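Enquirer: Got a structure for you, written out below as structure tokens; questions coming shortly.
The values are calculated or read from the model by the stated rules, or taken from the named source; none is laboratory data. Because the structure is a prediction, the values reported are computed rather than measured. Ideal geometry is used to build each Cβ from the backbone, glycine not excepted, and the neighbour counts take in all protein chains shown.
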Amino acid sequence: MIRRPASSIVANPVLVGAVTTLVVVVAVFLSYSANKGLPFVPTTELRFLVDNGANLLPGNEVREGGYRIGLVTEMEPARLPDGQIGAEVRLKLDEGSGPIPVDSTFSLRPRSVLGLKYVELTRGRSARTFADGDTVPARQARFPVELADLYEVYDERTRTGSRRGLQGFGDALTGRGASLNLAIQDAPRLLGHLEPVARSLAAPGTQLGRLFEELGDAARTVAPVARRYRHQFEAAGDVFEAWSRSPEALAATIDKSGPTYEVAASSLRRQRPFLTRFARFSGAVQEAAATLPRTLPRIIPALETGTRVQRRAPQLNEPLRETLSAVDRLSRDPVTSVAFRGLADTTRILNPVLRFVGPYITVCNYFNYAWTHAGEHISEPDPTGTSQRVLLMQASRTVNPTATSLGSLGTLSNNKPANNEPVLTGVPYAIHSQPYPAAITTDGRADCEGGQRGYLERVMRYGAADRKGAVDPRTPGVQGPTFTGRPEVPQGQTFTRTPQFGPKVPEELD
């Protein structure tokens, strides 16, 4: 019996292929999982806050002393304790690296010039350590300035300035080696004197910072007038050059300046009230000067006329002096004071009268009306005399000769007022007697009652019902102004509707 030899595992191609595939799958899985830590390796998770993620990516290494001790697993935006938005970085650290003290710091550092980063752990010395899942405070995470950020400072303008600065320094130092040696030799003595000066300048009471602020304010103030300010220095140079020609006179001026300033200081204190008033006066003059362009065309002709008048002023001054002397003698006379007191009493008496009488003239124009009509009645002639006499002779005659009327004898024998009695000729008459007719209302509007609408048939509050006529002081309603009157009392004038002295008009009749 022939025995067949045993087959080898390598001889089975299916098995070899399956093993090879399994090895490749395990290798790919391990290489993929290496970015998140090797499987079956115990780790500790920590988090830390940083104000700038600095292009840190998941999978970047965590190193301590140059050795890898973990990986960055995740980074996402987070709000820092100061309110700003930063980043929260999650780390997985190998437990073999040991516990992490709570005063440890994490720094984000570049691994290459291409932008690859890693997290460097600087272990602290505290006995307390972070537990799994703890968050490191933001103050313990650092983001140092990178080389790329440093290069960004040197933009085109900075590079140009730096190049010009190096060129200027080079030109300034070229051939001045001996001078530099002497400067370095004298530097210790200079610095020895500079130390107390710098200490005084650095003292808070010196307010050196305020000096530069004030210098900045002064520069901003002078900037709009820079050209004039430059001219000031040019003129000052000319002045100093003139001073240098006579040093003795300059020395004498400086010698006398001290006493002069002392006198000026005391004088200026006394001048301060004058200067204060002068400032107010200047403000008033400035306002007046602003109106001159509009007023000068009118003022100049007045000044020209005044110039001609002033030439004749000496002729007026002599009589004026005599007049003022007479006024002076009059004012010294004791009788003058009595006359002024009498004038004051007269004024106090006339003022109330004029307040009441004035509106009859200024609003209703009754003064002119009365004298115009009176003059016409008396001056107009007719064959038997004047118009006034004719009017009286043409009065109406009543049927009853004893009735009261202008054209009958009843006015003398009958004590009853006219009451529209029947007449033979003319028109009937009724009594018309209204004392104190109004001229204005209480608020100054025209209420000229006399001669406005004729007489109403009855204005008689207390008379019998069958009586006709107008006897009450006031006519109802506001009559308004006369034909040539005013609608109200002129502005600025005082007035009163009723007299301030004597009997008052009853309220029910006003």
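Results for (1) assigned to a loop (DSSP other than H, G, I, E, B); (2) surrounded by fewer than 16 Cβ atoms within 10 Å (Cβ to Cβ); (3) among the polar types (S, T, N, Q), shown as yes or no for each residue.
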| site | (1), (2), (3) |
| --- | --- |
| P417 | yes, no, no |
| E421 | yes, no, no |
| L424 | no, yes, no |
| V427 | yes, yes, no |
| I431 | no, no, no |
| Y436 | yes, no, no |
| D443 | yes, yes, no |
| A446 | no, no, no |
| E449 | yes, no, no |
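Enquirer: Sort out which residues of region 334-373 are among the polar types (S, T, N, Q), assigned to a helix (DSSP H, G or I) and closer than 13 Å to T482 by Cβ, and write them in order of number.
Expert: Here is the first cut: in region 334-373, the residues among the polar types (S, T, N, Q) are 336-337, 346-347, 351, 362, 365, 368, 372.
Next, from what is left, pick out any that are assigned to a helix (DSSP H, G or I): 336-337, 346-347, 351, 362, 368, 372.
Passing the criteria: T362, N368, T372.
Enquirer: Would you mind finding the one in T221, T160, T174, T206 that is more than 30 Å from Q84 (Cβ to Cβ) and either in contact with a helix residue (DSSP H, G or I) (Cβ under 8 Å, 6 or more places away or on another chain) or hydrophobic (A, V, I, L, M, F, W, C) (or both)?
Expert: Working: T221 fails: either in contact with a helix residue (DSSP H, G or I) (Cβ under 8 Å, 6 or more places away or on another chain) or hydrophobic (A, V, I, L, M, F, W, C) (or both); T160 fails: either in contact with a helix residue (DSSP H, G or I) (Cβ under 8 Å, 6 or more places away or on another chain) or hydrophobic (A, V, I, L, M, F, W, C) (or both); T174 fails: either in contact with a helix residue (DSSP H, G or I) (Cβ under 8 Å, 6 or more places away or on another chain) or hydrophobic (A, V, I, L, M, F, W, C) (or both).
Result of the check over T221, T160, T174, T206: T206.
Enquirer: Here's another thing I want to ask about it. If we scan region 452-462, do we find a residue that is out of contact with any Ser or Thr (no Cβ under 7 Å at 6 or more places or on another chain), acidic (D, E) and at pLDDT 85 or above?
Expert: Scanning region 452-462, I find no residue that is out of contact with any Ser or Thr (no Cβ under 7 Å at 6 or more places or on another chain), acidic (D, E) and at pLDDT 85 or above, so the answer is no.
Enquirer: A further question follows. With respect to T475, determine if the residue is crowded, with 16+ Cβ neighbours inside 10 Å and within 24 Å of A418 (Cα to Cα). Give the steps one after another, and end with the answer.
Expert: Numbers: crowded, with 16+ Cβ neighbours inside 10 Å: yes; within 24 Å of A418 (Cα to Cα): yes.
Considered against the rule, which asks whether it is crowded, with 16+ Cβ neighbours inside 10 Å and within 24 Å of A418 (Cα to Cα), T475 comes out as yes.
Enquirer: Filter region 100-116 for residues that are charged (D, E, K, R) and in contact with a strand residue (DSSP E or B) (Cβ under 6 Å, 6 or more places away or on another chain); which is surrounded by the fewest Cβ atoms within 10 Å (Cβ to Cβ)? Walk me through how you get there before you give the answer.
Expert: As a first pass, look at region 100-116 and keep what is charged (D, E, K, R): 103, 109, 111.
Okay, now just the ones that are also in contact with a strand residue (DSSP E or B) (Cβ under 6 Å, 6 or more places away or on another chain), so 109, 111.
Numbers: R109: 15, R111: 13.
It comes out as R111.
Enquirer: Another question about this same structure. Quick one: would you say R139 is within 53 Å of the chain's Cα centre (by Cα), outside any loop (DSSP other than H, G, I, E, B) and within 30 Å of G98 (Cβ to Cβ)?
Expert: Working: within 53 Å of the chain's Cα centre (by Cα): yes; outside any loop (DSSP other than H, G, I, E, B): yes; within 30 Å of G98 (Cβ to Cβ): yes.
Yes, satisfied.
Enquirer: Would you tally the residues in region 477-489 being in a loop (DSSP other than H, G, I, E, B) and either over 14 Å from T442 (Cα atoms) or modelled with pLDDT of 90 or more (or both)? Write out each step before concluding.
Expert: Taking region 477-489 as the starting set, the residues that turn out to be in a loop (DSSP other than H, G, I, E, B) are 477-479, 481-487, 489.
Pick out the ones that are also either over 14 Å from T442 (Cα atoms) or modelled with pLDDT of 90 or more (or both) and you get 481-487, 489.
Qualifying residue count for the region: 8.
Enquirer: Which numbered condition in (1) more than 57 Å from the chain's Cα centre (by Cα); (2) modelled with pLDDT of 85 or more is the only one that L173 fails?
Expert: (2)
Enquirer: Do the conditions hold for P81, that is, is it in contact (Cβ under 8 Å) with a residue 40 or more places away in the chain, surrounded by fewer than 16 Cβ atoms within 10 Å (Cβ to Cβ), in contact with a helix residue (DSSP H, G or I) (Cβ under 8 Å, 6 or more places away or on another chain) and assigned by TED's automatic domain parsing to the domain that holds A138? Write out each step before concluding.
Expert: Working: in contact (Cβ under 8 Å) with a residue 40 or more places away in the chain: yes; surrounded by fewer than 16 Cβ atoms within 10 Å (Cβ to Cβ): yes; in contact with a helix residue (DSSP H, G or I) (Cβ under 8 Å, 6 or more places away or on another chain): yes; assigned by TED's automatic domain parsing to the domain that holds A138: yes.
When the stated conditions are applied, P81 passes them.
Enquirer: For E152, indicate whether it is in a helix (DSSP H, G or I) and farther than 30 Å from S112 by Cα. Don't jump to the end; show me each part of the working.
Expert: On the way: in a helix (DSSP H, G or I): yes; farther than 30 Å from S112 by Cα: no.
It is false that E152 is in a helix (DSSP H, G or I) and farther than 30 Å from S112 by Cα.
Enquirer: Hey, another quick one. Test A252 against the stated conditions and say whether it is free of Cβ contacts under 8 Å to residues at least 60 places away in the same chain, surrounded by 11 or more Cβ atoms within 10 Å (Cβ to Cβ) and of a type in the set (G, A, S).
Expert: Numbers: free of Cβ contacts under 8 Å to residues at least 60 places away in the same chain: yes; surrounded by 11 or more Cβ atoms within 10 Å (Cβ to Cβ): yes; of a type in the set (G, A, S): yes.
For A252, the condition - free of Cβ contacts under 8 Å to residues at least 60 places away in the same chain, surrounded by 11 or more Cβ atoms within 10 Å (Cβ to Cβ) and of a type in the set (G, A, S) - is met.
Enquirer: Of the residues D132, D155, which is surrounded by fewer than 13 Cβ atoms within 10 Å (Cβ to Cβ), closer than 24 Å to G86 by Cα and at pLDDT 80 or above?
Expert: Numbers: D155 fails: closer than 24 Å to G86 by Cα.
Result of the check over D132, D155: D132.
Enquirer: Sticking with this one: Considering each of V197, V222 in turn, give the residue that is part of a helix (DSSP H, G or I), exposed (fewer than 10 other Cβ atoms within 10 Å of the Cβ), β-branched (V, I, T) and not assigned by TED's automatic domain parsing to the domain that holds F48.
Expert: Working: V222 fails: exposed (fewer than 10 other Cβ atoms within 10 Å of the Cβ).
Checking each option against the conditions leaves just V197.
Enquirer: For a quick check of your reading of the model, give me the residue pairs whose first member lies in region 181-203 and is among the hydroxyl-bearing types (S, T, Y), whose second is surrounded by 10 or more Cβ atoms within 10 Å (Cβ to Cβ), with beta-carbon atoms closer than 9 Å and at least 6 apart or on different chains.
Expert: S200/T206
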